[in-house]
Amino acid sequence: MKRNESRALIDALQQNWLAEVQGAHTYRALAEQERDPGRKEILIEMAEAEERHAEKWAGRLRELGAEPPTPRDSLAQQARKRILESGGTMAVIRKMEADEDRDIARYQSQLEGLGDPESERIVREALADEEEHRVRLNAIVSGEPMTPESAISRILKREHWHRTGGGWIGDAIYGVNDGLGAIFGIVSGVSGATAGASHFVVISGLAGMLASALSMGSGAYLATKSEHEMNEAQLARERREIEESPEEERHELELIYRLKGFTPDEAKLVVNRISQNEELFLDTLAHEELGISAAGAGNPVTAAISGSLSTAVGAIIPVIPFFFLSGYTAIIVAAIISLLAHFAVGAAKTLVTVRSWWSSGLEMTAVGAIEGVITYVVGIGFARL
């Protein structure tokens, strides 16, 4: 190895040693101030891993005839000072997230650039631990107190699509609500402009019903299809990660269970059992980390049909009186029927929510009444232009 290359290698290894030692002291200082036993244990484990990396870098430096650099100040004192100056442990942990990202990037660049097989072997070992540290910091930085749900979200640092309704029931209720609200507004507006002329109201109402039903159906189809495709992509990525780094995936799942209250031994036992079945392991990781199921996100065609039909059902309600009546009589009957339907839809929403049926129904009725009055008045205004 040429002299310049040797000097560059030693400089890189000394930088690696210093970063690991600084990280170890910071993690130990954080652990000293941490009151949560679970977080404290995780921070100590991370400090011990950093110390192991530092020992390996120190050993390799000595093999190359060099020594680790001598810090100007006590690294332990620097770590404590860093915590005090930054405003507390959580601020430091957030900074450590960025440090871990920087260390990972540095190690990745060194995999091909050191020109020293033994050093590159140590880099690969350290890189795996640094990736795990980043996962653990993502969990810890979720905030005070650290709930399992927020920790899991931070582990992935990604958002996932989710449906808030209760399956097809929620979709149907949403569709009826959307159709009823949209067409009631159209019927009210046209009634105000035409004094309840049934011919115009029926044409505009049916046109609006068709447009709303098609819009809702296509939207439900595309949303469900996109969700299904996204789930498939995430599952494929998770499967690939299991194949490439099974130990890291086991560590992630262990951490999730520890955040839920399992002891380290209990979490390890559960994960060891789960990981023996590859499909069960994938399904568990998908559920715990991504909040999705390997079973999929539903059928896009079913979603489209449900969305279209339910929207059409809701949309036709305000129009029905105008098939048989006209003028102000039709307007009053349509308003009564539509407001009763609003109350029924609001009450039905409690099938997928925790609200009381009467308060939800009254809220929907009030919203519908306000919508009807506004559009009716606007319709009268347009008629006078």
With r as the distance between the Cβ atoms of LEU210 and ALA366 and R0 = 25 Å, compute the FRET efficiency 1/(1 + (r/R0)^6) and round to 0.05. 0.35
Just to be sure I understand: if I project the alpha-carbon convex hull of segment 211-303 onto a plane and average over all orientations, what area do I get in nm²? 6.8
For LEU280 and THR329, extending 7 Å from Cα along the Cα-Cβ vector and measuring point to point gives, in nm, a value of 7.0
For ALA8 and HIS287, compute 0.36 nm times the residue count separating them, minus their Cα-Cα distance, and round to one decimal in nm. 95.8 nm
So for the pair LEU111, PHE382, with labels modelled 7 Å out along Cα→Cβ, what separation do we get in nm? 6.2
The size of the Cβ-based charge dipole (Lys, Arg +1; Asp, Glu -1) of segment 201-336 about the Cα centre, to the nearest 20 debye, is 1020
Mind grabbing the accessible area of LYS349 for me, 1.4 Å probe, Å², rounded to tens? 60
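Starting from 0.36 nm per residue, how many nanometres of slack lie between GLU118 and ALA98 once their C-alpha separation is accounted for? If you can, show how the numbers build up before the last one.
Details: separation 20, 0.36 × 20 = 7.20 nm, distance 2.72 nm.
Extending this stretch completely gives an extra 4.5 nm.
The values are calculated or read from the model by the stated rules, or taken from the named source; none is laboratory data. Everything numeric in this text was worked out from a predicted model, so none of it was measured. Note that we place each Cβ from the backbone using ideal geometry, even for glycine, and neighbour counts take in every protein chain shown. Only protein heavy atoms, including side chains, enter the accessible area calculation; ligands, DNA and RNA are left aside. Shrake-Rupley method; radii C 1.70, N 1.55, O 1.52, S 1.80 Å.
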